[in-house]
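The values are calculated or read from the model by the stated rules, or taken from the named source; none is laboratory data. This is a predicted model, so every value here is computed, not measured. Cβ sites come from the backbone with ideal geometry, for glycine too, and all protein chains shown count toward neighbours. Just the protein is used for accessible areas: all its heavy atoms, side chains included, with ligands, DNA and RNA removed. Shrake-Rupley method; radii C 1.70, N 1.55, O 1.52, S 1.80 Å.
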Amino acid sequence: MEDWSSTSGGIRYRVEGGGVRVAIPEGQAMVAEADRLLYRENSVSWSLAGSGAGRIRGWVNRVQRRAAGLAGRMSRYEGPGEVAFAAGAPVEVQAVELVKGDNLVVAAPAFLAAAAGVQVDVALLEKVRDEGERRTLVMYRLTSEGLALLAASGDALRMQLRPEEAVEAATWAVAWYEATGAYELRLGGGRRGNHVARITGPARVVVQTARPPGR
């Protein structure tokens, strides 16, 4: 497979535009929200993600997930074979290979897929005010080891915050950040009084230039 990248676990992937193709070897698996799948070869088995690795842990019930625009359950795709994932909107896809000790916090709409060895927990579940309306903000915490595929809506703007350096952004604009940073929700100014997210370093932060549609 020319121009494909490989992970230490043997999974191969190739980012193409706003999607990513993944070649899963036998004995390996990927997990993703059900609406992220673009296609899968018939040699790839599908199932609902169980209670082990690759399951979202934390209290996110059906009503909360629907309010946040999330798919009902996480799906598991086991190799050998090829699958492809896409966000259904213009995005910039980034592949991150987590190693032991990594701790990444990702907005739920920016989570595309991950290797089954990556542990996905709920880091934040909060009602926020946005454009005068209330919406549910969900963020996942990714830990352990393996490939994570992330999608920034529009373009991804990357920044490196030094210790005590901070940035404020619209809540929807924060795509993901390193958990070494401190995240705080604040009520912003203006007539509508929207919430903003303040992140204080040290941390790498990725903000997205477009609001994720329908999420």
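Structure values in brief
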| item | result |
| --- | --- |
| Residue check for residue 184: within 18 Å of residue 211 (Cα to Cα) and part of a strand (DSSP E or B) | no |
| Residue, most open to solvent (accessible area, probe 1.4 Å), within the range 23-36, restricted to residues that are without any contact (Cβ under 8 Å) to a residue 60 or more places away in the chain and either more than 18 Å from residue 12 (Cβ to Cβ) or of a type in the set (Gly, Ala, Ser) (or both) | 35 |
| Filtered residues of the range 127-136 (kept if under 11 Å from residue 195 (Cα atoms) and in a strand (DSSP E or B)) | 127, 128, 129, 130, 133, 134, 135 |
| Among residues of the range 98-116, those that are under 14 Å from residue 8 (Cα atoms) and surrounded by fewer than 17 Cβ atoms within 10 Å (Cβ to Cβ), counted | 2 |
| Any pair with Cβ under 8 angstrom, 6 or more apart, that starts in the range 96-108 at a residue that is under 23 Å from residue 213 (Cβ atoms) and ends at one that is modelled with pLDDT under 90 and part of a loop (DSSP other than H, G, I, E, B) | 107/212; 108/68; 108/70; 108/215 |
| Residues satisfying the stated conditions in the range 120-157, i.e. farther than 24 Å from residue 77 by Cα and hydroxyl-bearing (Ser, Thr, Tyr) | 136, 153 |
| Qualifying residue in the range 165-174 (condition: open to solvent by less than 30 Å² (accessible area, probe 1.4 Å) and within 13 Å of residue 108 (Cβ to Cβ)) | yes |
| Residues of the range 38-57 satisfying the condition of being open to solvent by 60 Å² or more (accessible area, probe 1.4 Å) and either closer than 20 Å to residue 87 by Cα or modelled with pLDDT under 90 (or both) | 38, 39, 40, 41, 46, 48, 51, 55, 57 |
| Hits in the range 12-25 - residues which are at pLDDT 95 or above, more than 16 Å from the chain's Cα centre (by Cα) and not basic (Lys, Arg) | 13, 22, 23, 24, 25 |
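Rundown of residues vs (1) modelled with pLDDT of 90 or more; (2) within 15 Å of the chain's Cα centre (by Cα); (3) surrounded by 21 or more Cβ atoms within 10 Å (Cβ to Cβ), yes/no style:
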{"position": "133", "(1), (2), (3)": "no, no, no"}
{"position": "136", "(1), (2), (3)": "no, no, no"}
{"position": "157", "(1), (2), (3)": "yes, no, no"}
{"position": "161", "(1), (2), (3)": "yes, no, no"}
{"position": "178", "(1), (2), (3)": "yes, yes, no"}
{"position": "190", "(1), (2), (3)": "no, no, no"}
{"position": "201", "(1), (2), (3)": "yes, no, no"}
{"position": "209", "(1), (2), (3)": "yes, no, no"}
